[in-house]
Amino acid sequence: MNPLAGLLSERLSKAQVVDGFDTESWAVCGRLPQAVVFPESEEQVAEILSLSSEEGWRCVPGGRGNWLHGGQPPQAVDVLVSSERMNDISAYEPADQFIEAQAGAGLEALESRTGKCQQWLALDPPGGERGTLGAMLAVGTAGPLQAGFGSPRDQVLGATLVTGDGRVLELGGRVVKNVAGFDVLKLVTGSWGTLGMITSVTMRLHPLPATDRSLLFKSAGAADGAELACRLAQTPLPLAAVELLVPGDGESEVGAPSPLVAVRILESLDAADEAERVVSGRSDMPPVQRLEGEKSAAIFDNVRAMEDGAELVLRLSLLPSRLPELVEMTSRLKGLYDPTEGWGMRLAAHAHAGVLRVMIAVVSRSDEAWLDRANTTLGVLRRSLEAEGGSLVISQGPPEIVDAVSAWGDLGPASLFTTGIQAAFDPAGILTRGGSPQ
Amino acid sequence: MPEPLTKELGNRLRGVVGDSWVIADPDRLLAYESDGLTAYRKTPRAVVLPRSTDEVSRVLSILSQEAVPVVPRGAGTGLSGGALADGDAVVVGTARMTDMLELDPVNRLARVQPGMINADLTIAAEPFGLYYAPDPSSQSACTLGGNVAENSGGPHCLKYGVTSRYVTGLTVVTYDGKIVEMGGFGRELGGYDLLGVFVGSEGCFGIATEIEVRLLPKPEGVRTLLAIFDRLGDAGRAVTEIMAEGLLPAALEIIDGPTIRAVEASVFAAGFPTDAEAALVVEFDGIEAGLAADVQRAVVRCREAGAREVRTADSPQERLALWQGRKKAFGAMGQIASDLLVQDATVPRSKLTEVLERISEIGIRHHLTIANVFHAGDGNLHPNILFDRSDSEELSRVERASTEIMAVCVEAGGTITGEHGVGLDKRHYMSLVHGPEELEAMRRVKAVFDPLGRMNPGKVLPDPPQAARAAP
């Protein structure tokens, strides 16, 4: 064992510590940790973080390792702390519509448990069901269902956070309406583990809808699809999701569908029929496919998995009415990939939110200038979006690119508070990641 | 009376906002001596009423240079004493900042000044088929800036969620006059969710001077039903059963027997039987075609739970009549008692009946009338204690009963405030729900925004523990 792993192992008799080859699957944005530790309790997490704070070891909290390529790369990783062995569902009260589980509990386990009581967690973040509850909250990203149900920040009721220096904070509670004090939980949501490690989470649940129906509309091209998605999102009815899906260059050739707009309706049967009638009327054409129940859910499960195997994932945003412009802007990314490599570039947009996800299978490294070209292209695109009130986020990408371009854009004067917030939770700075959140 | 402003400071502030908008005359200051929680009264040193972000920034910068604490104030409808100015603090009010800055119906977005009244936003959005969802009971008077400060709720947040779900961007002025933008619809920012933590910070972090909110399309249809029960517990059971059906009503509201009798004895009489012990209002909204079936299922559940009468309403006029008793409950109680303490706590829904019984026992034990009006669907209770402020012995019983009610709600897994905020009133209850580490974390977060403790001092957080108690 290397000295760090040895010391960790000695001090933490109850938690498993691995080093050497065993850490390879736990690289964070290409940085290999010196040790990976698997605590089994909140107390052990507190021990690890407080020891790391004393020793100045840089830590990255993780779950099952699905998000390690995402976000801002840390400068170095000494210890990766995985919540994988903390996966108990500690409380589920169907009558009160909440579930509380340890951070390492898988979303699939939650789904099977709540499904038995006709309830569900109405969130579909990227990555699919193999993700953990803790990672979902730490990343904070929403999927297509945000149109109908909001994002993780709107549905989290409480969480336990072990701060960088090992303090245990119980944040929020088990009830939906709760304004007892400052909403520290909001800071933790989407903080990418830079304030501490989330060890348990309490989420609000919804009743399973009587009808789950998806309508798929075909469009001639991505631009037409974007127009249609905008028009359908403006339907004055409560649609659960309106998603534009543009398959990759490679996928079209093998007979996969052309661009689609998928509309998800989660209602009672009568209401779903009515919504279908209105949506079809707005689209000027009948849907090419109409999926019900599990098949409807499956289409949107595929949307969650669209980032799988992508080397570069971008999130471009503007006001929802400008989705067609966002789609148009992706033509500027043509130099970054070779359409014949893998499936090329896929697009998926949450039409209600004005968020376009761009997934590139393989970043082209055909000549020496590839990195400069990528950095320039992304930098210019980010600046033009920011000038229009939008943004460009690199959700995951080759570390060389993220190091140079930064995962997030400039925060402006709000960055004033970033350092202070981080120091309040992680005074030794062991959880700091390169850029923002700093 | 607090010490008046020095002539020089008064002049500097007048130089920014104009002569008429710095109020220092003791008679006029009386209007600012309390908010909706009238049990507490304090006269501020002065009130400044700026008109724009720039003026707020200049006013705060001047006050900061003079080390004068600031208490932000909207319409003063808050129910936790959050807008009271203590000691040498100056009130900075948003009463003149009422402009609609932008209404974008296509993106369902509005940008407003913080002094705009909640209901006025919905009125402005209505021609476009849109509305603003959070609907606190005071919505015809309360301001959106106040709603941001309190993270306000309302009857319809059962289905639609509270203010934080609708605020997408803020322009904030900090204690020293810095102007900071937070969030913004149509962009995803890195960094921490400053917007999220600012909403609900009760004026302790800064003043929101521009607010961007999401609007919703008006529901295609609305259906309301009213069920009358002989036992409060039965009404609670009906709520549990309706939710267990997998229905998600827009609102599920209960008023109890004492409240029914207060309403019926007042000019707001709504035609409730005065021997009933609970009235349950259930409202569904959404796609028209699905509503009739939802209402039918709820009616069946109410009957099974023991409702002696169920009325349904389809037309807006009929709906208004069913809501009358619920909406006018506070006004009615004001007519039968000289003072009213409106309490606010949340419990898990399944504990409602048990907690209400214990609240009733507390009332009997302290010889107080406690009338309950509450958002049953999300377990948000409003036990209202009727009293006479001039009777100091009664007032002390009110305080003891309040403390006991809070303890009962926390013990049941709930919290000390669901929508009214902590303010001045509940800061000493904070340690019932938060440990020393959590309170310290909140202190540190406040210090990031307000390192010198100038914004709304003495609110939300209890005084830090003495050095002797601080050791873990």
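What follows draws every value from the coordinates through simple rules; no lab data is involved. Owing to the predicted nature of the structure, the values given are computational and were not obtained by experimental measurement. No Cβ is skipped: glycine too gets one built from the backbone with ideal geometry, and neighbour counts run over all protein chains shown.
Computed from the C-beta positions of residue A:366 and residue B:447, the FRET efficiency with R₀ = 60 Å rounds to 0.70. For chain B, the number of Lys pairs separated by eight or more positions or lying on different chains, with C-alpha atoms closer than 23 Å, is 14. A dipole drawn for the protein assembly as shown from +1 and -1 charges on Cβ atoms has a positive end, and of B:447, A:126, B:30 the residue lying farthest that way is B:30. Can you pull the percent of Cα pairs in the stretch A:297-344 with separation above 16 Å? Value for the stretch A:297-344 (Cα pairs over 16 Å): 57 percent.
Remark: the residue B:389-residue B:52 segment gains 117.5 nm on full extension, using 0.36 nm per residue and subtracting the alpha carbon distance. Place a point 7 Å from the Cα of residue A:282 along the Cα-to-Cβ direction; which residues of the stretch A:123-167 have their backbone N under 16 Å from it? Zone members listed by number: A:145-149.
In chain A, Cα pairs under 8 Å separated by at least six residues give a relative contact order of 16 percent. Dividing the mean sequence gap of close Cα pairs (under 8 Å, 6+ apart) by how many residues the stretch A:23-163 holds gives a relative contact order of 21 percent.
Per-residue shielding of B:169-178, expressed as the average number of other chain Cβ atoms within 10 Å of the residue Cβ, stands at 1.
The convex hull defined by the C-alpha atoms of chain B has an orientation-averaged projected area of 23.5 nm². Only the Cβ atoms of Lys and Arg (+1) and of Asp and Glu (-1) were treated as charged; on that basis the dipole of the stretch B:427-470 about its Cα centre amounts to roughly 160 debye. Taking amide H atoms as placed 1.01 Å from N in the peptide plane, the amide H of residue B:209 lies under 5 Å from those of B:171, B:172, B:173, each 5 or more residues away in sequence or on another chain.
Using only the Cα atoms of the stretch B:219-334, each taken as one equal point scatterer with no solvent, compute I(q) by the Debye sum, divide by I(0), and report log10 of the ratio at q = 0.12, 0.18 Å⁻¹. Result of the Debye calculation: -0.38, -0.85. Placing +1 on the Cβ of every Lys and Arg and -1 on the Cβ of every Asp and Glu, with nothing else charged, gives the stretch B:1-218 a dipole about its Cα centre of roughly 240 debye.
Within 10 Å of the Cβ of each residue in A:184-192, the mean number of Cβ atoms contributed by other protein chains is 5. Rounded to the nearest 20, the size of the Cβ-charge dipole of chain B about its Cα centre is 340 debye, with Lys and Arg at +1 and Asp and Glu at -1.
Using bins of 20 Å that start at zero, the share of Cα-Cα pairs per bin across the protein assembly as shown amounts to 14, 46, 34, 6, 0, in whole %. Just check chain A against the gyration tensor rule for me: Cα atoms, a ≥ b ≥ c as the square roots of the eigenvalues, rounded for a/c under 1.5, and otherwise prolate or oblate depending on whether a/b exceeds b/c. Oblate shape, in that a/c is at least 1.5 and b/c is the bigger or equal ratio. The lysine pair tally for chain A, using Cα distances under 27 Å and a gap of 8 or more places or different chains, is 5. Report summary: the helix-based calculation at 222 nm, which adds -39500 (n - 2.57) for every DSSP H run with n ≥ 4 and divides by the residues of chain B, gives -10000 deg cm²/dmol.
Largest first, the three principal axis extents of the alpha carbons in the stretch A:162-236 are 56, 30, 20 Å in whole numbers. Geometric descriptor of the stretch B:306-411, per residue, is 118 Å³ (volume of the convex hull of the Cα atoms). Counting Cβ atoms of other protein chains within 10 Å of each residue's Cβ and taking the mean over peptide B:285-293 gives 6.
Helix B:316-327 and the longest principal axis of the C-alpha atoms of chain B enclose an angle of approximately 70°.
Between residue B:403 and residue B:100, the simple spin-label model (points 7 angstrom out along Cα→Cβ) gives 4.9 nm. Length, then width, then depth: along the principal axes, the Cα atoms of the stretch B:1-155 run 51, 34, 23 Å. For the pair residue A:21 and residue B:218, a Förster radius of 51 Å applied to the C-beta separation gives a FRET efficiency near 0.25, rounded to the nearest 0.05. Of A:118, A:72, A:97, the residue with the greatest mean-square motion in the GNM of chain A, using alpha carbon springs below 10 Å, is A:118. Take the Cα of residue B:178, step 7 Å toward its Cβ, do the same at residue A:301, and the gap between the two points is 4.8 nm. Placing R0 at 56 angstrom, the Cβ-Cβ distance between residue A:419 and residue B:314 gives a FRET efficiency of 0.45 after rounding to 0.05. Relative contact order of chain B: 15 percent, from C-alpha pairs under 8 Å at least 6 residues apart in sequence.
Scanning residues 5 or more positions from residue B:369 or on other chains, those with amide H under 5 Å from its amide H are B:386, with H placed 1.01 Å from N in the peptide plane. Taking only the C-alpha atoms of the stretch A:211-405, the Rg (one decimal) and the largest Cα-Cα distance, Dmax (whole number), read 17.3, 60 Å. The peptide list A:290-303, A:417-430, A:351-364, put in order of mean Cβ contacts within 10 Å with the highest first, becomes A:351-364, A:417-430, A:290-303. Label point of residue A:129 set 7 angstrom out along Cα-Cβ; within the stretch A:187-230, amide nitrogens under 19 Å from it belong to A:203-214.
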